[in-house]
Amino acid sequence: MNTETDGDFLSAAGGQKAASSSFAVRPADEAEIDARLAKLTGRADGHALAGGTGKRTAAAIVILSLVGMYAALSLIMAEKTKLKSPGASLTCDLNPLIGCGKWIGTRVNEVVFGISNSVLGLAGFAALAAFGVALLGGACLHRNIWRLLAAGACAAAVWVCWFMYQSFFVAHSLCPYCVLTWYISVPLILLLWARCLQAGHCGARFVRGGEFLVRNYPVILTAAYAALSAFILFYFWDKWMLLF
(Lines give C-alpha, C1' and ligand atoms only; values in the text may rest on other atoms or scores of the structure.)
Protein backbone atom coordinates (compact mmCIF):
# COMPACT_ATOMS: atom_id res chain seq x y z
CA MET A 1 0.00 0.00 0.00
CA ASN A 2 1.39 3.38 -1.01
CA THR A 3 0.92 5.65 2.03
CA GLU A 4 2.34 8.63 0.18
CA THR A 5 -0.29 8.30 -2.50
CA ASP A 6 -3.01 7.83 0.09
CA GLY A 7 -1.81 10.90 1.92
CA ASP A 8 -1.91 12.96 -1.25
CA PHE A 9 -5.42 11.68 -1.98
CA LEU A 10 -6.64 12.55 1.50
CA SER A 11 -5.03 15.97 1.25
CA ALA A 12 -6.65 16.57 -2.11
CA ALA A 13 -10.00 15.36 -0.81
CA GLY A 14 -9.66 17.57 2.22
CA GLY A 15 -8.79 20.51 0.01
CA GLN A 16 -11.80 19.90 -2.23
CA LYS A 17 -14.05 19.63 0.82
CA ALA A 18 -12.71 22.90 2.22
CA ALA A 19 -13.09 24.60 -1.15
CA SER A 20 -16.66 23.36 -1.57
CA SER A 21 -17.56 24.48 1.94
CA SER A 22 -16.09 27.91 1.29
CA PHE A 23 -18.34 28.29 -1.77
CA ALA A 24 -21.44 26.83 -0.09
CA VAL A 25 -24.53 29.05 -0.19
CA ARG A 26 -25.58 30.04 3.30
CA PRO A 27 -29.27 30.34 4.25
CA ALA A 28 -28.95 34.13 4.45
CA ASP A 29 -27.55 34.20 0.91
CA GLU A 30 -30.38 31.98 -0.31
CA ALA A 31 -32.93 34.33 1.23
CA GLU A 32 -31.30 37.32 -0.45
CA ILE A 33 -31.19 35.56 -3.81
CA ASP A 34 -34.84 34.55 -3.44
CA ALA A 35 -35.80 38.15 -2.61
CA ARG A 36 -33.95 39.48 -5.66
CA LEU A 37 -35.52 36.89 -7.96
CA ALA A 38 -38.95 37.71 -6.56
CA LYS A 39 -38.35 41.38 -7.25
CA LEU A 40 -37.27 40.74 -10.84
CA THR A 41 -40.09 38.35 -11.69
CA GLY A 42 -42.80 40.03 -9.62
CA ARG A 43 -43.27 36.81 -7.65
CA ALA A 44 -44.49 37.11 -4.07
CA ASP A 45 -41.98 36.22 -1.36
CA GLY A 46 -42.80 34.29 1.79
CA HIS A 47 -43.78 37.39 3.76
CA ALA A 48 -46.18 38.55 1.05
CA LEU A 49 -47.73 35.08 0.79
CA ALA A 50 -48.33 35.17 4.54
CA GLY A 51 -50.26 38.45 4.20
CA GLY A 52 -47.50 41.00 4.64
CA THR A 53 -45.83 43.38 2.23
CA GLY A 54 -42.53 45.16 1.76
CA LYS A 55 -41.53 48.19 3.79
CA ARG A 56 -41.56 50.53 0.79
CA THR A 57 -45.03 49.43 -0.26
CA ALA A 58 -46.36 49.84 3.28
CA ALA A 59 -44.73 53.28 3.58
CA ALA A 60 -46.25 54.33 0.25
CA ILE A 61 -49.71 53.27 1.47
CA VAL A 62 -49.27 55.30 4.67
CA ILE A 63 -47.96 58.44 2.94
CA LEU A 64 -50.57 58.43 0.18
CA SER A 65 -53.35 57.83 2.72
CA LEU A 66 -52.15 60.75 4.82
CA VAL A 67 -52.23 63.00 1.75
CA GLY A 68 -55.77 61.78 1.07
CA MET A 69 -56.74 62.60 4.66
CA TYR A 70 -55.32 66.10 4.18
CA ALA A 71 -57.41 66.61 1.04
CA ALA A 72 -60.56 65.34 2.76
CA LEU A 73 -60.01 67.48 5.87
CA SER A 74 -59.34 70.56 3.73
CA LEU A 75 -62.61 70.02 1.88
CA ILE A 76 -64.48 69.50 5.17
CA MET A 77 -63.12 72.82 6.45
CA ALA A 78 -64.21 74.51 3.21
CA GLU A 79 -67.69 73.02 3.59
CA LYS A 80 -67.86 74.25 7.18
CA THR A 81 -66.90 77.77 6.12
CA LYS A 82 -69.45 77.75 3.29
CA LEU A 83 -72.26 76.60 5.57
CA LYS A 84 -71.49 79.28 8.15
CA SER A 85 -71.06 82.06 5.58
CA PRO A 86 -72.59 81.18 2.19
CA GLY A 87 -71.05 84.28 0.63
CA ALA A 88 -67.57 83.67 2.00
CA SER A 89 -64.60 83.43 -0.32
CA LEU A 90 -62.95 80.02 -0.07
CA THR A 91 -59.23 79.49 -0.42
CA CYS A 92 -59.87 76.62 -2.83
CA ASP A 93 -61.78 78.89 -5.24
CA LEU A 94 -58.84 79.94 -7.38
CA ASN A 95 -60.57 80.95 -10.62
CA PRO A 96 -63.69 80.14 -12.70
CA LEU A 97 -62.21 76.75 -13.67
CA ILE A 98 -60.62 75.61 -10.41
CA GLY A 99 -62.68 75.80 -7.24
CA CYS A 100 -64.59 73.74 -4.71
CA GLY A 101 -67.32 76.21 -3.67
CA LYS A 102 -69.71 75.26 -6.47
CA TRP A 103 -69.61 71.60 -5.41
CA ILE A 104 -70.51 72.14 -1.74
CA GLY A 105 -74.10 71.24 -0.91
CA THR A 106 -74.81 69.69 -4.32
CA ARG A 107 -76.18 66.23 -4.98
CA VAL A 108 -72.85 65.14 -6.44
CA ASN A 109 -71.10 65.99 -3.18
CA GLU A 110 -73.59 64.04 -1.05
CA VAL A 111 -74.27 60.85 -2.94
CA VAL A 112 -74.42 58.29 -0.11
CA PHE A 113 -77.38 59.00 2.23
CA GLY A 114 -76.65 62.71 2.14
CA ILE A 115 -73.21 62.24 3.72
CA SER A 116 -70.49 64.49 2.36
CA ASN A 117 -67.99 62.76 0.09
CA SER A 118 -65.17 64.31 2.09
CA VAL A 119 -66.34 62.65 5.31
CA LEU A 120 -66.47 59.25 3.60
CA GLY A 121 -63.08 59.90 2.04
CA LEU A 122 -61.57 60.84 5.40
CA ALA A 123 -62.86 57.62 6.97
CA GLY A 124 -61.60 55.50 4.09
CA PHE A 125 -58.13 57.04 3.99
CA ALA A 126 -57.82 56.85 7.79
CA ALA A 127 -58.63 53.14 7.75
CA LEU A 128 -56.16 52.54 4.93
CA ALA A 129 -53.47 54.48 6.78
CA ALA A 130 -54.04 52.26 9.84
CA PHE A 131 -53.58 49.13 7.73
CA GLY A 132 -50.46 50.66 6.21
CA VAL A 133 -48.96 51.35 9.64
CA ALA A 134 -49.65 47.74 10.66
CA LEU A 135 -47.97 46.45 7.48
CA LEU A 136 -45.05 48.79 8.05
CA GLY A 137 -44.60 47.22 11.47
CA GLY A 138 -44.35 43.76 9.89
CA ALA A 139 -47.93 42.61 10.42
CA CYS A 140 -49.52 40.01 8.16
CA LEU A 141 -53.15 40.65 7.26
CA HIS A 142 -55.68 37.88 6.82
CA ARG A 143 -56.58 36.96 3.26
CA ASN A 144 -60.13 38.24 3.75
CA ILE A 145 -58.79 41.66 4.78
CA TRP A 146 -56.76 41.82 1.58
CA ARG A 147 -59.89 40.89 -0.35
CA LEU A 148 -61.78 43.66 1.43
CA LEU A 149 -59.02 46.13 0.52
CA ALA A 150 -59.12 44.97 -3.11
CA ALA A 151 -62.91 45.39 -3.18
CA GLY A 152 -62.51 48.86 -1.67
CA ALA A 153 -59.97 49.68 -4.38
CA CYS A 154 -62.49 48.62 -7.03
CA ALA A 155 -65.15 50.81 -5.45
CA ALA A 156 -62.68 53.71 -5.27
CA ALA A 157 -61.83 53.29 -8.96
CA VAL A 158 -65.53 53.45 -9.91
CA TRP A 159 -66.04 56.44 -7.63
CA VAL A 160 -63.08 58.36 -9.07
CA CYS A 161 -64.15 57.65 -12.66
CA TRP A 162 -67.71 58.78 -11.88
CA PHE A 163 -66.53 61.99 -10.26
CA MET A 164 -64.19 62.66 -13.18
CA TYR A 165 -67.18 62.34 -15.49
CA GLN A 166 -69.12 64.83 -13.38
CA SER A 167 -66.18 67.26 -13.36
CA PHE A 168 -65.36 67.09 -17.06
CA PHE A 169 -68.69 66.61 -18.80
CA VAL A 170 -71.31 67.98 -16.38
CA ALA A 171 -69.85 70.77 -14.25
CA HIS A 172 -66.93 71.62 -16.58
CA SER A 173 -64.79 72.59 -13.60
CA LEU A 174 -62.19 71.11 -11.27
CA CYS A 175 -62.22 70.87 -7.49
CA PRO A 176 -58.53 71.10 -6.47
CA TYR A 177 -58.87 68.77 -3.50
CA CYS A 178 -60.74 66.27 -5.65
CA VAL A 179 -58.02 66.37 -8.30
CA LEU A 180 -55.43 65.74 -5.57
CA THR A 181 -57.50 62.75 -4.46
CA TRP A 182 -57.53 61.41 -8.01
CA TYR A 183 -53.76 61.59 -8.26
CA ILE A 184 -53.18 59.72 -5.01
CA SER A 185 -55.95 57.20 -5.64
CA VAL A 186 -54.31 55.90 -8.81
CA PRO A 187 -51.12 54.57 -7.13
CA LEU A 188 -53.08 53.33 -4.11
CA ILE A 189 -55.51 51.36 -6.26
CA LEU A 190 -52.67 49.86 -8.29
CA LEU A 191 -50.71 48.94 -5.16
CA LEU A 192 -53.65 47.24 -3.48
CA TRP A 193 -54.65 45.31 -6.59
CA ALA A 194 -51.07 44.29 -7.38
CA ARG A 195 -50.20 43.05 -3.88
CA CYS A 196 -53.51 41.28 -3.35
CA LEU A 197 -53.45 39.46 -6.69
CA GLN A 198 -49.71 38.77 -6.58
CA ALA A 199 -49.97 36.86 -3.29
CA GLY A 200 -52.95 34.82 -4.46
CA HIS A 201 -55.40 36.32 -1.98
CA CYS A 202 -58.05 36.48 -4.71
CA GLY A 203 -57.32 33.06 -6.18
CA ALA A 204 -54.47 31.34 -8.02
CA ARG A 205 -55.78 32.27 -11.46
CA PHE A 206 -55.11 35.98 -10.79
CA VAL A 207 -51.51 35.55 -9.57
CA ARG A 208 -49.96 36.13 -12.99
CA GLY A 209 -51.94 39.33 -13.37
CA GLY A 210 -50.70 40.50 -9.97
CA GLU A 211 -47.10 39.66 -10.90
CA PHE A 212 -47.52 41.65 -14.11
CA LEU A 213 -48.79 44.66 -12.15
CA VAL A 214 -45.89 44.42 -9.69
CA ARG A 215 -43.24 44.11 -12.42
CA ASN A 216 -44.66 46.95 -14.50
CA TYR A 217 -45.98 49.17 -11.71
CA PRO A 218 -43.77 52.22 -12.53
CA VAL A 219 -44.67 52.05 -16.22
CA ILE A 220 -48.40 51.64 -15.59
CA LEU A 221 -48.43 54.44 -13.01
CA THR A 222 -46.52 56.79 -15.31
CA ALA A 223 -48.89 56.02 -18.19
CA ALA A 224 -51.95 56.62 -15.99
CA TYR A 225 -50.58 59.94 -14.72
CA ALA A 226 -49.67 61.02 -18.25
CA ALA A 227 -53.14 60.13 -19.56
CA LEU A 228 -54.94 61.94 -16.73
CA SER A 229 -52.75 65.04 -16.97
CA ALA A 230 -53.05 65.19 -20.75
CA PHE A 231 -56.83 64.88 -20.59
CA ILE A 232 -57.11 67.65 -17.99
CA LEU A 233 -54.82 69.85 -20.05
CA PHE A 234 -56.41 69.37 -23.47
CA TYR A 235 -60.06 69.05 -22.43
CA PHE A 236 -59.92 72.45 -20.72
CA TRP A 237 -57.47 73.93 -23.21
CA ASP A 238 -59.67 76.91 -24.12
CA LYS A 239 -60.21 77.78 -20.45
CA TRP A 240 -56.49 77.43 -19.68
CA MET A 241 -55.77 79.90 -22.48
CA LEU A 242 -58.23 82.41 -20.99
CA LEU A 243 -56.76 82.06 -17.51
CA PHE A 244 -53.12 82.27 -18.50
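The values are calculated or read from the model by the stated rules, or taken from the named source; none is laboratory data. It should be emphasised that the depicted structure is a prediction, and the values quoted were computed from it without experimental measurement. A quick note on method: Cβ atoms are made from the backbone with ideal geometry, for glycine too, and the neighbour counts reach across all protein chains shown. Please note that ligands, DNA and RNA were not included when accessible areas were found on the heavy atoms of the full protein model with its side chains. Shrake-Rupley method; radii C 1.70, N 1.55, O 1.52, S 1.80 Å.
Looking at S116, A48, I104, which one has the Cα that reaches farthest to the positive end of the dipole of the stretch 47-154 (charges on Cβ: Lys, Arg +1; Asp, Glu -1)?
Among S116, A48, I104, the one farthest towards the positive end of the dipole of the stretch 47-154 is A48.
Treating the beta-carbon of each Lys and Arg as +1 and of each Asp and Glu as -1, no other charges, what is the dipole magnitude of the stretch 52-136 about its Cα centre, to the nearest 20 debye?
80
How much of the accessible area of the stretch 52-117, probe 1.4 Å, is carbon plus sulfur, in whole percent?
Values: 2440 of 3630 Å².
Carbon and sulfur atoms account for 67 percent of the accessible area of the stretch 52-117.
In percent, how large is the relative contact order of the stretch 89-217, given Cα pairs closer than 8 Å and 6 or more residues apart?
Numbers: 97 pairs, mean separation 32.2, N = 129.
25 percent.
Which order do the peptides 129-139, 189-199 come out in when sorted by mean C-beta neighbours inside 10 angstrom, highest first? Walk me through the intermediate numbers first.
Details: 129-139: 16.4, 189-199: 23.5.
Top of the packing list down: 189-199, 129-139.
May I have the extent of the alpha carbons of the stretch 142-201 along their three principal axes, as whole Å values ordered from largest to smallest?
42, 15, 14
How would you rank 87-98, 160-171, highest first, on the average number of other Cβ atoms within 10 Å across their residues? Let's see the in-between values first.
Values: 87-98: 13.1, 160-171: 14.8.
By packing density, highest mean first, the sequence is 160-171, 87-98.
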